[in-house]
1. When the residues of the range A:198-224 are narrowed to those that are polar (S, T, N, Q) and touching a residue at least 40 places away in the same chain (Cβ under 8 Å), which ends up surrounded by the fewest Cβ atoms within 10 Å (Cβ to Cβ)?
2. If I ask for residues that are more than 7 Å from chain B (Cβ to nearest Cβ) and in contact with a strand residue (DSSP E or B) (Cβ under 7 Å, 6 or more places away or on another chain), which ones from the range A:32-43 would you list?
3. What do you reckon, is B:Cys92 touching a Cys at 6+ places or on another chain (Cβ under 7 Å), within 24 Å of B:Val185 (Cα to Cα) and buried (at least 18 other Cβ atoms within 10 Å of the Cβ)?
4. Which of the residues spanning the range B:159-181 are closer than 30 Å to B:Tyr258 by Cβ, at pLDDT 95 or above and in contact with a helix residue (DSSP H, G or I) (Cβ under 7 Å, 6 or more places away or on another chain)?
5. For the range B:165-270, give me every one of the strands (runs of 3 or more DSSP E) that falls completely inside it and has 3 or more residues that are more than 11 Å from chain A (Cβ to nearest Cβ).
6. Tell me, which residue of the range A:41-52 that is out of contact with any helix residue (DSSP H, G or I) (no Cβ under 6 Å at 6 or more places or on another chain) and farther than 21 Å from A:Leu120 by Cα is surrounded by the most Cβ atoms within 10 Å (Cβ to Cβ)?
7. Which residues, taken from the range B:407-425, are without any contact (Cβ under 8 Å) to a residue 40 or more places away in the chain and either of a type in the set (Lys, Arg) or crowded, with 19+ Cβ neighbours inside 10 Å (or both)?
8. Any chance you could count how many residues in the range B:26-46 are within 12 Å of B:Val111 (Cβ to Cβ) and outside any helix (DSSP H, G or I)?
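The values are calculated or read from the model by the stated rules, or taken from the named source; none is laboratory data. None of these values were measured; they are calculated from a predicted model. Cβ sites come from the backbone with ideal geometry, for glycine too, and all protein chains shown count toward neighbours.
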Amino acid sequence: MFKIKEIYTLAPGTLHAIIEAPLIAGKAEAGQFIIIRTSSKGERIPLTIADYDRAQGTISIVFQVLGKSTTQLAALKPGGVIPDLLGPQGNPSEMGNFGNVAVVGGGVGIAAAYPIVKSLKNAGSRIISINGFRSRDNMFWMDKMEKFSDSLLISTNDGSCGRKGFVTDVLRELLDNKGEERIDRVIAIGPAIMMKSVADLTRNYNLKTIVSLNSLMVCGMGMCGACRVTVGGKTNFTCMDGPDFDGHLVDFKELMMRLDSYKHEEKTCLEKWNRECAGGPQ
Amino acid sequence: MARNNKQIAMREQKPSERTGNWNEVPLGYSLEEAVLESERCIQCKNKPCIAGCPVSIEIPDFIKAIRDRDIKKAIDIIHENNALPAITGRVCPQEEQCQCLCTAGKIGDPVSIGSLERFAADWDLENRLTAPETGNRPGVITPAGKMVAVVGSGPAGLSCAADLARMGYRVTVFEGYHKPGGVLVYGIPEFRLPKSIVKSEIDMLESFGVNFMTNVLIGRALTINDIFGRGFEAVFIGTGAGLPNFMNIPGENLNGIYSANEFLTRVNLMKAYLTGEYDTPVRHGRNVAVIGGGNVAMDAARTAKRLDAENVYIIYRRTEKEMPARIEESRHAMEEGIQFITLASPVMYEGDEHGFVKSMVCLRMELGEPDQSGRRSPVPVKGSEFRMETDEVIVAVGSTPNPIISRTTKDLKLKKNGDIIVDDKFRTSIKGVFAGGDIVTGAATVVTAMGAGRMAAKSISEYLN
């Protein structure tokens, strides 16, 4: 059992939970994830470790309320428990002084980008954070991002904050603005379509781009292969070989189709639960 | 009285009924059936059956106890060497082990040792609540006992833990999944090994002091070094051969194509067959192709049938004669209407516009020269491609060692294929670290892993004293 220490809303439909998990907090590194199960009949779902506090023995997750598991998670209160939680899984992100690094985050993926920004900055890299949201209301953690970024660029789809448009628009401008700031590496974390767009863009500039994949998973420990992804024509397991991969080699079309494998089942499951449990005792 | 040359057949659910439920297929012996079968044992002096048993159960002795209708004594005898008889009585390939050496088998059927073991074990599970202190069950753990960590709660880990606890050590079993049991809970289907049986056996280990810690990823949350840092004086690694193989052919990552591990984990561990009650989804294909001819392939095929598939095919590249599955398993599959397509192998999969598999292209095979395994190797027949409609594929072509611990433990010596190297005492290249089961041998059987767990427990005890 894993106790929730704090849980609160960051933006509509986006929550932050701080969970007591001392073993995981003791070992977590930027880029790793956990698998949780919110009830004894629930699914195992992967979530990126958004932050950790070794001294307090806690880890943070930031999640969007999408399906039944995240709806149940959002209903938990401080002191409530998550029955099953496993981690830290996956390989830590590569760290070092990589020169000027553009870290591109989209939506809830920004929470996953945060520990990478923090660790890269501490490792000596210069960080240009590019964060994209649907709208000003969806923004969160910009203070935390600012703290570890040498510059922070924001885009919103509706133009309510920062540049109107997508993260790729901001990145393109940065890349075309030659001479001022040469970008040595790009890291992209967010929805698959965003990571694909970033990788497609940087391919033209022959610019090394790392993406952190959010594949479907069951075990998260190399036993089932649900998370397999084609990278450079070869099948990889996201949980064992990733979650970070060379964005120019990832077969995003396949990744996105696989992410949609159970769209129908997930919808039915959530609807049934909402019908039976919404407002009722839990 | 003339001895019966024929085994007392175990009653089974009818094929037509059982594909509509998840209940166990073989129903077990009644007391009278068990006694009749036990009378077929001639109690020969040389006891060849024991030599065939990877955990060396005193087989003739427990059979004699059944003949004397002293079932409590029978189970006590079994428990001396086997902590999990209700499981091995169901899943051991007895026909290749104890039973193939049985003296009675020379003039008729061998004694159905597995059925008798299962009978005694089931009797014990049923009666345990009323008589919890049955004889040879391991005693209370001495508080002074040294601490031993067991990594992985599959057959190797469970039997190692049971023996160590029996010797007085304080044992903690670490499991990554949320439930202990390893392949017994994620891999073997309910209709072959009811999960309530696995739970009872694990409850028993807990009741005599084995501590289970689920949701702990050894190698990541705790390294092997960390375990020693926590006061454990020896570690047994029994993490199994869990990494599924794929064939690396075009289209293999289409939606609806699973490894057998994923398909069975969804259904068995995550209970996807109870749609509406449990959240984990699984595909209910109409035309399901299972690739492979082993026990896991049979489990997957029979599971797909119970998920209401119209057609389930086993696609195997050799002939039925070379199939690695137990005869009982392939017989059960055939009775349930699984269609066997032998001397064929897929070469590519084709998908629809949403990325779901819709058909596969196979090549016909013929048998050539024997390969390293001694079986004749399949050779593709040129130009023999044929297409099959399929909306779900389950790839059951074996698995390799789980790499998490080996990748995160320096100095742990491995074979080229990732198996952990141990000596004849199950010692790895790191002092105090032992290993056994599939992580050492590659994928094998439940009881072989249990045998390794037992022998490792003995070595660990020698090491600690």
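1. Once the filter is applied, the top-ranked residue is A:Ser215.
2. Once the filter is applied, which keeps residues that are more than 7 Å from chain B (Cβ to nearest Cβ) and in contact with a strand residue (DSSP E or B) (Cβ under 7 Å, 6 or more places away or on another chain), the range A:32-43 yields A:Gln32, A:Phe33, A:Ile34, A:Ile35, A:Ile36, A:Thr38.
3. no
4. B:Val173, B:Tyr177, B:Lys179, B:Pro180, B:Gly181
5. Qualifying strands (runs of 3 or more DSSP E): B:170-174, B:234-237.
6. By that ranking, first place goes to A:Arg44.
7. Matches in the range B:407-425: B:Lys410, B:Lys413, B:Lys415, B:Lys416, B:Val422, B:Lys425.
8. 6
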